[in-house]
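Input: a single structure, listed below in structure tokens.
Just so it is clear, none of the values below were taken in a lab; they were calculated from the coordinates. Here the structure is a predicted model, which means the values were calculated and not measured.
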Amino acid sequence: MSAPSPGPEASGPAGNPIDKRGNVREPSRSPVRLRFPAVELTGLTRDVSDGGAFVLAAQDLEVTCEIEGEGDGEPRERRGRVVRVELLPGGGVGFAIEFRP
């Protein structure tokens with residue numbers, strides 16, 4: 001049996017969190033623009049209620065992410081996929097994006 005991979009609470013050098021893939025995350029507050037292609041996903045519901053549904057889709061939700069001031073200060077465009085969506089306390093939404101190599 002293999003050891004479990006580090007969760008979001010694991011720390012790397014200088015106490016920076018390590019994600020499940022082992023990448024060290026650096027704190028950042030850079031402006032960002034997310035672009036989603038016009039897309040229609042198909043899938044199946046896992047559960048449904050009067051208040052909502054949990055939907056399983058076989059396709060990735062592709063996104064282009066333009067981050068201002070990353071690295072050398074110039075905007076940088078990265079492509080990836082949405083891997084998690086979180087509703088934030090007090091309103092708003094957080095997107096976890098996995099960048100493509």
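Quick notes
- Length available on full extension from ALA58 to GLU98: 0.36 nm per residue minus the Cα-Cα distance, which gives 12.7 nm.
- In order along the stretch 86-101, the Karplus-derived 3J(HN,Hα) couplings, from 6.51 cos²θ - 1.76 cosθ + 1.60 at θ = phi - 60°, round to 10, 7, 8, x, x, x, x, 9, x, 10, 8, 10, 9, 6, 7, x Hz, and Gly and Pro are given as x.
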